1. With a cut-off of at least 1 residues that are touching a His at 6+ places or on another chain (Cβ under 8 Å) and not assigned by TED's automatic domain parsing to the domain that holds E141, name the helices (runs of 4 or more DSSP H) lying wholly within region 8-73.
2. Kindly evaluate L126 against the criterion of being under 14 Å from the mean Cα position of the chain (by Cα) and part of a helix (DSSP H, G or I).
3. Does I83 count as in contact with a His (Cβ under 9 Å, 6 or more places away or on another chain) and over 22 Å from L120 (Cα atoms)?
4. Out of region 119-141, which residues are closer than 16 Å to T48 by Cα, without any contact (Cβ under 8 Å) to a residue 40 or more places away in the chain and surrounded by 18 or more Cβ atoms within 10 Å (Cβ to Cβ)?
5. Do you know which residues across region 142-184 are acidic (D, E) and either exposed (fewer than 15 other Cβ atoms within 10 Å of the Cβ) or farther than 17 Å from A78 by Cα (or both)?
6. Give the residue that is surrounded by the fewest Cβ atoms within 10 Å (Cβ to Cβ), with candidates limited to residues of region 54-80 that are more than 15 Å from F28 (Cα to Cα) and at pLDDT below 95.
Amino acid sequence: MAAYLNRLSTEDLEERVRRFCEGDVESFQVLYRHYAKNVLRFCVRMLTDYAAAQDALQETFIRVYEHRYECRGENFNAWVYTIARRVCYNSLRSKKAFDEFNEEYHCQQKQQFSDTGVQLIIQKALDQMPFVLKEALVLREYEGYSYQEIADIIGSDLSLAKVRVHRARLLLRKILAPIMEEQYDV
């Protein structure tokens with residue numbers, strides 16, 4: 001079955017989506033296996049907690065299945081990501097936990113400026129961003145979606161998707177600027 005999923009053509013995928021929208025359970029399983037890895041990666045980047053991301057993945061596909069008859073099949077990928085984004089947003093909103101500045105952590109990061117350290121610093125910076133900017137940047141830079149696909153996922157027009165990505169990049173630079181100055185004594 002795994003080998004079949006790797007060879008899923010666009011036509012096969014469209015057929016599976018059509019059949020799923022009509023209630024076919026086997027097609028749901030195929031679509032889950034096809035999309036789960038990417039949706040999980042998106043949820044991990046949005047929630048920064050693997051366990052919470054796994055819960056969000058499961059909640060996403062529960063909702064996909066529950067609303068299968070509402071699926072129009074036109075842009076299934078955007079539909080799944082729209083649901084995942086809402087699940088992540090609701091998870092963050094219900095969590096309402098705000099990280100305080102941790103001086104000890106900051107000093108450790110200054111000493112350990114490796115690839116892992118850079119990734120950690122970038123993730124901490126992403127966590128400081130508003131959800132709408134973070135999701136746009138994650139979809140563009142980490143997931144590789146086009147601006148039009150981002151617009152479809154967030155339910156907006158193309159120009160708003162471009163603006164959000166642009167603003168997110170500017171904010172990320174602003175957040176990272178003091179850290180970069182410290183690291184490189186600029």
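The values are calculated or read from the model by the stated rules, or taken from the named source; none is laboratory data. Predicted, not measured: the structure shown is a model, and the values here were computed from it. Positions of Cβ are backbone-derived with ideal geometry, glycine not excepted, and every protein chain shown enters the neighbour counts.
1. Working: elements: 10-21, 25-47, 50-66.
Result: 10-21.
2. Numbers: under 14 Å from the mean Cα position of the chain (by Cα): yes; part of a helix (DSSP H, G or I): yes.
Judged against the criteria, L126 is a match.
3. Against the criterion (in contact with a His (Cβ under 9 Å, 6 or more places away or on another chain) and over 22 Å from L120 (Cα atoms)), I83 qualifies.
4. Of everything in region 119-141, those that are closer than 16 Å to T48 by Cα, without any contact (Cβ under 8 Å) to a residue 40 or more places away in the chain and surrounded by 18 or more Cβ atoms within 10 Å (Cβ to Cβ) turn out to be K124, L133, A136, L137.
5. Answer for region 142-184, where residues must be acidic (D, E) and either exposed (fewer than 15 other Cβ atoms within 10 Å of the Cβ) or farther than 17 Å from A78 by Cα (or both): D157, E181, E182.
6. Residues of region 54-80 more than 15 Å from F28 (Cα to Cα): 54-56, 74-75, 78.
Okay, now just the ones that are also at pLDDT below 95, so 74-75, 78.
Numbers: E74: 10, N75: 14, A78: 18.
Ranking the candidates gives E74 first.
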